[in-house]
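Everything on this sheet refers to the single structure shown next.
The values are calculated or read from the model by the stated rules, or taken from the named source; none is laboratory data. Keep in mind it's a predicted model, so treat the numbers as computed, not measured. When we count neighbours, we look across all protein chains shown, and the Cβ atoms used for this are built from the backbone with ideal geometry, even at glycine. Just the protein is used for accessible areas: all its heavy atoms, side chains included, with ligands, DNA and RNA removed. Shrake-Rupley method; radii C 1.70, N 1.55, O 1.52, S 1.80 Å.
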Amino acid sequence: MKSIIVICEGKSETKYLQELNRFLREQSVENSIVFVPKEVGTGHFTEVVKKYRNERKLNKKANIEIWVDYDIYKRNEQRNYDKYKKKPKGIPNFKFNYFNFEDFLIMHFNDDVLNKWKEICKANNHFNEPMKSDKYLKLIKNIFSDYDKSSLTNLFVFNKQTLENLFKHNAEQSEIKSDFAEFLREVFSKIT
């Protein structure tokens, strides 16, 4: 079994990767992989790079990916975008969610749910100026009234359909995208 270390922001991504691992175990996929989340606690460039370097020292030959949200880079908070554009040699390209984890998550659902979220995002100018969490966490409750960042099991269970939705939506539309979704599609194409 191959391991992929994923440097990620926080609990939502960790929970997602744990559920994805559970799904893979249940599928008993030959040549399977396991995702090993390593939380940073933030998506800010300096902290993410520090975590990456620490993991690289501990795991010299490991496959390590970096998965963060692009919202703070788009807004260039704490000069994150400027720092990323000048990232040192040896730091891999980040796998960004455009713009946040909730946008990534919503792509797992059917077209109606995705379109409802896109309308909410458009009404709040999210695609030009990504909403901050205090705003989008309230708005996503219009779709999932009991949404909790640290729990996905109350929203959906991983299955082939939810992953197909993710891959399809990521490929078909432009407003909500995820480099990590594309990475997962590539990984799944090799193991299934």
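Which of Q27, W117, V49 sits closest to the plus end of the dipole of segment 1-145, meaning its Cα is farthest towards the positive end, when Lys and Arg get +1 and Asp and Glu get -1 on the C-beta?
Farthest along the dipole direction, towards plus: V49.
Under the rule a/c < 1.5 gives rounded, and otherwise a/b versus b/c splits prolate from oblate, where does segment 142-183 land using the Cα gyration tensor?
Taking the square roots of the gyration eigenvalues as a ≥ b ≥ c, segment 142-183 is prolate.
Quick check: at a probe of 1.4 Å, how many percent of the accessible area of segment 37-115 sits on carbon and sulfur atoms?
Result for segment 37-115: 47 percent of the exposed heavy-atom area is carbon or sulfur.
Report the relative contact order of segment 1-149, percent, no decimals, based on alpha-carbon pairs under 8 angstrom and at least 6 residues apart.
Computed value for segment 1-149: 22 percent relative contact order.
Considering the convex hull of the alpha carbon atoms of segment 115-192, report its projected area averaged over all viewing directions, in nm², one decimal.
The orientation-averaged projected area of the Cα hull of segment 115-192 comes to 5.9 nm².
Give the whole-number value, in cubic angstrom per residue, of the convex hull volume spanned by the C-alpha atoms of segment 1-98.
98
Which of the following values of Rg/Rh (Cα atoms, Kirkwood Rh) was calculated from the structure shown: (1) 1.14; (2) 1.06; (3) 0.95?
The calculated read-out lines up with (3).
Starting from the 7 Å offset along Cα-to-Cβ, what nm value, one decimal, do you get for the label separation of D112 and S133?
Once both label points are built, they end up 3.1 nm from each other.
Tell me, what is the 1.4 Å probe accessible area of S174, in Å² to the nearest 10?
Surface accessible to solvent at S174 totals approximately 90 Å².
Give the cross-link partners of K160 among the lysines, using a straight C-alpha distance below 26 Å as the criterion and excluding same-chain residues fewer than 8 apart.
Partners found: K2, K11, K15, K38, K95, K116, K118, K141, K149, K168, K177, K190.
On average, how much accessible surface per residue is there in segment 1-144, in Å², for a 1.4 Å probe, leaving out ligands, DNA and RNA?
Each residue of segment 1-144 exposes 51 Å² on average to a 1.4 Å probe.
Within segment 118-166, what whole-number % of the accessible surface is contributed by carbon and sulfur, with the 1.4 Å probe and all protein chains included in the calculation?
Roughly 46 percent, rounded to a whole number.
Using a simple charge model, +1 on the beta-carbon of Lys and Arg, -1 on the beta-carbon of Asp and Glu, nothing else, what dipole does segment 20-100 show about its Cα centre, in debye to the nearest 20?
It works out to roughly 580 debye.
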